[in-house]
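See below for the structure under consideration.
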Amino acid sequence: MRLTMNRNRAILIYGSILILLLQIPAYFLLRQDAEGYLLYLFLMLLIVLTLWRGMVFGLISSLIFIFITGSTLLYTGITGTMTFLNPSFSMQFFFLYGIVLLLLILCAGKVHELMTEQASYIKKLQEDVRNYVAIDVETGFDNETRMRITVNEEMRRADRHKHTFVFIILKLENYDQFQKLYGAKEVQHLWQQLSQRIHQTVRQTDKKFRFRKNHIGLLLIDTTDQYMEVIYNKLDQALKNHQLLNGKWVTLNYKTSFYTYLPLTESTFDEILSDLEREMKTNAL
């Protein structure tokens, strides 16, 4: 919080300096003819580009602009030819203009840098909040971050105590179409009903997860694949039929797959999850 406040204070200070410095070229250039307005327009354009792209881009663009404009002004003074610059623009005047322009670019670049850091910091805080909020609000299941932690811990425990477990993933098919057809309230009702039925179907000691928007993970502790037919039948009976809020019944389609973890398996959880998703087949669920 203190870091955010300090950065906001710095943005305010540099932004105020930028606004104050802008009054100097505005006072002198806007009192000139069209050439003064044109130089002020280029100055504002360079500041906007710096706020958008950063200090390095702004400095390079400004130096190129100063070089081209200064060379043109110098050539005009030597040859006496007419250019877009009025002869009243002396080299001393343009030199001061260049100094003020670079100061403005440095301030704008610092504002860009601070705003970029602030945006990155806020994004990181949002990601941390998502990672540490372990509960999915619609189902009461743990989220994906918690799933990875829990399954990896169970893998280590299985290795120590030489036991097996089963990890199941369920993917709700046509989820986007369901959401568009029935709306947000029905989607919330759907997940509430699914979570209740899953809690009633599997053991309390089993872990339940919702990862991604339409995936469910079930960690069945101290279980082997010889019980999977029974487990699938129970899930099938519990989940395939869903009653909408208006009382109408609909049939839900799933894809599912499972993995039986054996002690000292060399695969990581990410590899297991990838295999499950590749091998996921249409089931009776």
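The values are calculated or read from the model by the stated rules, or taken from the named source; none is laboratory data. Computed from a prediction, not measured in an experiment: that's the story for all the values here. In this analysis, Cβ positions are derived from the backbone assuming ideal geometry, glycine residues included, and neighbour counts consider all displayed protein chains.
Values computed for the structure shown
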quantity	calculated
Looking only at segment 216-257, and only at residues there that are among the aliphatic types (A, V, I, L, M) and out of contact with any helix residue (DSSP H, G or I) (no Cβ under 9 Å at 6 or more places or on another chain), the one that is nearest to residue 171 (Cα to Cα)	228
Number of the condition not met by residue 283 [criteria: (1) surrounded by 14 or more Cβ atoms within 10 Å (Cβ to Cβ); (2) modelled with pLDDT of 90 or more]	(2)
Cβ pairs under 7 Å, 6+ apart, first in segment 156-174 and in the same structural domain as residue 190 (by TED's automatic domain parsing), second of a type in the set (Asp, Glu)	163/222; 165/154; 165/222; 166/225
Any hit, segment 6-17, residues being part of a loop (DSSP other than H, G, I, E, B) and modelled with pLDDT under 85	no
